[in-house]
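Taking it in order: structure first as structure tokens, then the write-up.
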Amino acid sequence: MVRAADLLVECLVAHGADRLFCVPGESYLALLDALHGQNAVDLVVCRHEGGAGMAAVADAKLTGKPGLLACSRGPGAMNAAIALHLAEQDAVPLVVLVGQVARHERGRGAFQEMDYARVFGSFAKHVEEVTDAFRLPEALARAWAAALSGTPGPVVLALPEDMLTDDVTAAVIPPTPVPAPGPSEDHIARAASLLAAAQRPLILAGGGFAPVEGRAALKALAEGQGIPVATTFKHQEVFDNFSPLYAGNLGFKVPPSLWKTLAEADLILALGTRLGDVPTQGYQIPAAPEPTQPLIHVWPDPAVLTRLYRANLAVPSEAPAFAQALADAAPKAPDRSAWAARCNAAALALRPAPQPRDDGLDFGTVAAELAKQAPRDAIVTTDSGNFSGWVHQYWPWDGSQLAVGAVGGAMGLGIPGAVAASLRFPGRCVLGFAGDGGAMMTGAELAVALSKGAAPKIVIADNGTYGTIRLHQERDFPERISGTDLANPDFAAWGASFGAGAFALGPGDDIPQTVADFLAHKGAAVLAVKTSAEAISAYVTVSQLRARSKAQSKS
């Protein structure tokens, strides 16, 4: 006989779990006790369930295994909900262990009682409350497989606190092999036929190529057939941005000059992307639901392939397997160099040139210097916000680096993500980029880095405003600033208060030397950058937005 909580730890280890992010709670004390004294699962105690969940999502992005999060019932679960939503949006496997009231209290409106199937059912792939300890191994195996299969995503196991103390004789159930879908010979033959007829094909490459080992297949297909490659939002790392075949990153609000050029494609190969509204620039490339050009859509989940687009060829497959098979089977390519050059020119034209500003530094100046000095194998995490546009554009993405960003747009990933990356890769330089808004949401997780000996380098763009919202505000209601101004702390002093190295940049400071000192610091460090609110994004200024609005009002 073993205690259910101890059996749960055995099951987690059997499934390959080696790190658990959490905020402790009284509803799963037995599990915390079961983790005491063992060294198979690293327990990472965080300061807020939102930050813990973001770190778990980042860990999953970096490993390809389910991220693991434990939180207490009620308030803890609600704080963690943002991570579940992000995991669903980003197609990331996440297993969440939520404490629950004792079984005899269920249905009585007990303290912090919730029905997690109803709470999380609309965006979690699987929610199960384990009331019978003998079925705990079965439930975990089912949840683990659900998180990984088809479209990866979040799953929830609710664990009544009294169940965790039951004595059981159940055996550990080993991991259930998750079938890896792949293309058939017919799929490849049809794809090769469509490709042979195309003069201007375009690859949209998404998160399906996030694992580094799969990117060689993308490179082989693109170079073998001369196909330009546009990367999807937050996945600019999957293809060499210095290749003549690079066709830009389809993120938020990219200028029309890029996507309108790409829309001239006469065949779109959407590989490893669900074709949401952001990479398609509002369902325009390809047009939905009926594309204006032939579409080959490759994603491992058939339900996604039939949800919105009517593709000429929908292939339930992992993207690298399809890309390699097509690269091997496709006939000799016609000369597509002129088309590739047009796409590449449209992408390169968007790379912003930093300008002197009166109200702070153009963040592009600092991003470019960091890109110049950081090791080429640095791991980059980016929070949501306009500031990340400069990182996307300036970083020397060569197709080999690891990057973590929030495709779902949730603020708060930058710092917890950097902490998770630094824990996972202690010998690598990890740079976490955050805005002043996101830094104040989950920045307390910097304490976790210091407590665990992790050494992320955190860069905070401080322009005193919620920049993305301010951009939309200036576009729709110019010169009517409401609810977007921020009163910020001294972020360098804030970082120092945790025990991190503290560095600051503002107008007139020596940027190259400060960046060098920041990167050379032994241990965690914070670089606070006073940035310009006028330069509201990498592509447009506040003045330009206001001028456009005036011009439109006169027309």
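Assorted remarks:
- If R0 equals 22 Å, the separation of the Cβ atoms of Glu223 and Arg376 corresponds to a calculated FRET efficiency of about 0.60.
- Cβ-based charge dipole, the chain, positive-most Cα from Gly364, Ser257, Ala535: Ser257
- Whole-Hz ³J(HN,Hα) from phi, Karplus 6.51 cos²θ - 1.76 cosθ + 1.60, for segment 487-503, glycine and proline x: 10, 10, x, 6, 5, 5, 5, 4, x, 5, 5, 7, x, 7, x, 10, 9
- Taking packing as the residue-averaged number of other Cβ atoms within 10 angstrom, the listed peptides 228-236, 97-105 run from highest to lowest as 228-236, 97-105.
- Sorted on the mean count of surrounding Cβ atoms within 10 Å across their residues, most packed first, peptides 362-375, 459-472 read 459-472, 362-375.
- Cα coordinate range in segment 205-266, projected on the principal axes (Å, largest first): 32, 24, 20
- For segment 363-553, the dipole from Cβ point charges (+1 on Lys and Arg, -1 on Asp and Glu) about the Cα centre works out to 320 debye, to the nearest 20.
- About the centre of its Cα atoms, segment 109-224 shows a dipole size close to 960 debye [charges on the beta carbon of Lys, Arg (+1) and Asp, Glu (-1) only; nearest 20 debye].
- Rg and Dmax, both from the Cα atoms of the chain and both in Å, are 24.1, 80.
- Distant-in-sequence amide contacts of Arg19, defined by a placed amide H-H separation under 5 Å and a gap of 5 or more residues or a different chain, comprise Asp42.
- Based on DSSP H segments of at least four residues, each scored -39500 (n - 2.57), the chain has a per-residue ellipticity at 222 nm of -11000 deg cm²/dmol.
- Placing +1 on each Lys and Arg Cβ and -1 on each Asp and Glu Cβ, with no other charges, gives segment 185-348 a dipole about its Cα centre of roughly 400 debye.
- Note on Val45 and Asp335: with the Förster distance fixed at 56 Å, the Cβ-Cβ geometry gives a FRET efficiency of about 0.45.
- Cα pair distances of segment 185-348 binned at 5 Å [whole percent]: 2, 10, 21, 25, 23, 14, 4, 0
- Local charge for Pro93 was computed over the other residues whose Cβ lies under 12 Å away, with Lys and Arg +1 and Asp and Glu -1, and equals 0.
- Close amide H partners of Gly99, meaning residues 5 or more places away or on another chain with modelled amide H under 5 Å apart, are Cys71, Ser72, Arg73, Leu159.
- Formal net charge of residues neighbouring Ala197 (Cβ-Cβ distance under 14 Å; K, R +1; D, E -1): +3
- Modelled label positions at Asp510 and Ser543, each set 7 Å beyond Cα in the direction of Cβ, lie 3.1 nm from each other.
- Segments 250-258, 110-118 sorted - mean Cβ within 10 Å per residue, highest first: 250-258, 110-118
- When the C-alpha to C-alpha distance is required to be over 27 Å, the pairs from Lys234/Lys260; Lys125/Lys260; Lys234/Lys457; Lys332/Lys372; Lys65/Lys530; Lys219/Lys452 that qualify are Lys125/Lys260; Lys332/Lys372; Lys65/Lys530; Lys219/Lys452.
- Extreme residue, positive dipole direction of segment 2-168, given options Gly50, Val9, Pro152 (C-beta unit charges): Pro152
- Annotation: amide H-H contacts under 5 Å for Gly408 (H modelled 1.01 Å from N, sequence separation of 5 or more, or interchain): Asp90.
- As a calculated quantity, the FRET efficiency between Asp476 and Arg135 at R0 = 60 Å, using C-beta atoms, amounts to about 0.70.
- Simple rule: put +1 on each Lys or Arg Cβ and -1 on each Asp or Glu Cβ in the chain, find the dipole, and look at Ser122, Thr280, Gln199; the Cα lying farthest toward the positive end is Gln199.
Readers should treat all values here as calculations from the given coordinates under stated rules, not as data from a laboratory. Because the structure is predicted, anything quoted here is derived from the model rather than measured. When we count neighbours, we look across all protein chains shown, and the Cβ atoms used for this are built from the backbone with ideal geometry, even at glycine.
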